[in-house]
Structure formats: structure tokens, C-alpha cells
Amino acid sequence: MPQRFCAVTADKVERWVEIEATDKAGQFQVVIGDDGRALLIDARRLEEGVWSILIGDRAYEVDLDGGNPDVKLQVRGEPAVIKLLDERTRKLQEVAAKVATRPGARGGSADVVSPMPGRVVKVLTKLGEAVKNGQGLVVVEAMKMENEMRATRDGVVTAIPVKEGQAVEGGQILVSLGDAPA
């Protein structure tokens, strides 16, 4: 079964990529974009982080540094950075971006919501706590994966309408934030 990733280049261009291992070791079928064009790629690991890749009649030596989501590579000595996001992570980022642009995301009250139905595993904050943008607030388990829901801005926790073990719906408020004290 193919794995699907959203590849984001340094210039913010997004392309969906499907990768499926073939029957032969080291060979992968890669479909780039929605046009369905497939490439057969032969990849062999030369050493830790260094791969020899054959695409058609072209050979590349790729030096990888890092792992998902940020992959830094050098192809023929030229550096490149690609962010690889699986479909689930990409969807969570879309939801987080929508929440961050809702009224109150920059001032006033703001809500952190569950991106999908799930169960609250852990509450990481408490009422009245000052939090920073990106700080973990609640862990929600959905589709057998734990997702840490983070603050979309600096603020103070004004409400936590959920408890550990509680089932939640997609879009349900997990934590409300108010303005941070000046």
C-alpha cells in the first residue's frame, strides 16, 4: 500500500508524493503530483545517511541529514531542504492554521480545538497558567495516535472544559486562552 506525503520545498511549493515499495528490494514506485506520472526509483544505502539513487538512466548520490518532517539533503553537492508531512500531520496543520486565524487568535480570547474526534489523554496545563505560543496544552488520542494540541499564541488559560479520559468531537473546544498580562 502506498504511503502518501506532502513534500514542501524551501520556496513553500507543495507537492503530494506517493511512495510504494515494489517487489524488488531497494526499488520504489513514486507518483508525484496529481497527474499520476509514476517513476521507478532504485535506492541503495551506501552508508549511514548516504544513498545512491537511480532514476531512469540518471544516477544521484544523496546525503540525508535529519528525518521527517525536515529532511536536509545534498544532491550532487547542492543543498536542499524538504519538509515531508504525512496526510494526517498535514491535515492537523491546516486545522491549526484555521484556528490561529480565527477571531481572538491575535488578541482577546482564543480557543484551541480538537481537529478530529478522539479522547483526551492528558491535560498539560492548568487554569490561570500563562502559556507561550506553541506550548503543549492537551494530548488527544485519535486514530490510535496521540496528538499534542498546542497554544496558537501567548496567553493565559481561561478555561479547560475537558477532562482526562473524556471523549471529544472534532472542533470541540479543549482550552480557551485570554490575553497575557502586560
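Where a number appears in this text, it was derived from the coordinates with a stated rule and is not lab data. Every value quoted in this text rests on a predicted model; they were computed, and no experiment measured them. Because the Cβ atoms are built from the backbone with ideal geometry, glycine has one as well, and the counts that use them run over all protein chains shown.
Below are the figures for this structure:
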{"quantity": "Largest-first ellipsoid semi-axes for segment 101-178, taking √(5λ) over the Cα gyration tensor eigenvalues, angstrom", "calculated": "20, 12, 10"}
{"quantity": "Aspartates and glutamates whose Cα lies under 18 Å from that of LYS163, excluding same-chain neighbours fewer than 8 positions away", "calculated": "ASP111, GLU129, GLU141, GLU146, GLU148"}
{"quantity": "Per-peptide average of other Cβ atoms within 10 Å, ordering 118-127, 158-167 highest first", "calculated": "118-127, 158-167"}
{"quantity": "Over segment 101-178, relative contact order from alpha-carbon pairs under 8 Å, at least 6 apart, %", "calculated": "41"}
